[in-house]
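Remarks on the structure that follows.
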Amino acid sequence: MIKSLLREYASDHPTYGFRSLFGLLRQENYSWNHKRVRRLYCELGLNLKRKPKKRLAPRTAIKLEVPSLPNKTWSIDFMHDVLVGGRRFRTMNVIDDHRRECLGIKVGFSLPSKIATRHLDEIAVRRGYPDIIRLDNGPEHISHHFAKWAKTHAIKLQFIQPGKPAQNAYIERFNRTYREAILDMYLFDNLQEVKQLTKEWINHYNYERPHQALGMKPPCGGASLNTLNSLN
């Protein structure tokens, strides 16, 4: 009888540990000894498994410097928003730190590390791979897949310290601009609308929009407009 009650309570309350389940038995006026109940609780394998937090390797402070040449350092970050119907979507933003050029924005409902690296590969087809990628400690970035991908292409991953977004200030400032111009400006019914408006805005941002840090010139001033295939 004890076992059946424990199974029933554990099924109804999957987050309860032994103390809480034993308390439920006491509320029902069962007088079984707690040692006996504990032994049966363990025999049934009801011990709650605690998922340990993934420990990060020590992060050192990053000195933010403008690279002397293009393709030395890229910065990447993720953003979130929601469609009119309530479904959430994400964007993966990539910029070249040299002149804050937007290299691509990937839009999707889910952007795991494999999709993230594929997005970077698509950019590298026309740009080549950078020496360094600056990024935060998100699950996509600290995955084994992402680390292996970076090692394959001889890319150094420069992680910012947790809770220090200023160490990735170039992409943080870019995110604010993108949010104000696109994500907060429009209501989206579907992802295709997000992708199309984003694609048009990237061309405007790179080739037309004055950038204060660049002497009021666009990141790619003087160049001809390109179509960013990485948005497909």
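Before moving on, here are some points about what is shown:
- Projected area averaged over orientations for the chain, convex hull of C-alpha atoms, nm²: 17.9 nm²
- Cα-based helix-to-principal-axis angle, 191-207 vs the chain, degrees rounded to 10: 40 degrees
- Most mobile listed residue (Lys63, Lys195, Lys72) in the chain, GNM with C-alpha springs under 10 Å: Lys63
- The mean sequence distance of close C-alpha pairs (under 8 Å, at least 6 residues apart), as a share of the length of the chain, puts its relative contact order at 18 percent.
- Cβ-derived FRET efficiency at R0 25 Å, Lys217 paired with Ala166, nearest 0.05: 0.50
- Under Karplus coefficients 6.51, -1.76 and 1.60, residue-wise ³J(HN,Hα) of segment 179-187 in Hz, glycine/proline x: 5, 5, 7, 10, 4, 8, 8, 10, 9
- Taking a Cβ cut-off of under 13 Å around Gly128, the surrounding Lys, Arg, Asp and Glu residues balance to a net charge of -1, with basic ones at +1 and acidic ones at -1.
- The residue list Asn203, Gly138, Leu44 was ranked by how far each Cα lies along the charge dipole of the chain toward its positive end, using unit charges on Cβ atoms, and Leu44 comes out on top.
- Once the Cα-Cα distance is subtracted from the 0.36 nm per residue extended length, the Lys3 to Arg39 segment shows a gain of 11.9 nm.
- Helix 2-12 axis, angle to the chain major axis (alpha carbon atoms, nearest 10°): 30 degrees
- Arg118 versus Met79: modelled label distance in nm, points set 7 Å from Cα along the beta carbon direction: 2.3 nm
- Dipole of segment 1-159, positive end: most advanced residue of His153, His98, His34 [Cβ charges, Cα centre]: His34
- Anisotropy class of segment 90-198 from Cα gyration tensor, a/c 1.5 cut: prolate
Laboratory data are not the source of any read-out in this text; all were calculated from the coordinates shown. As the structure is a computational prediction, the values presented were derived from the model and not from experiment. Positions of Cβ are backbone-derived with ideal geometry, glycine not excepted, and every protein chain shown enters the neighbour counts.
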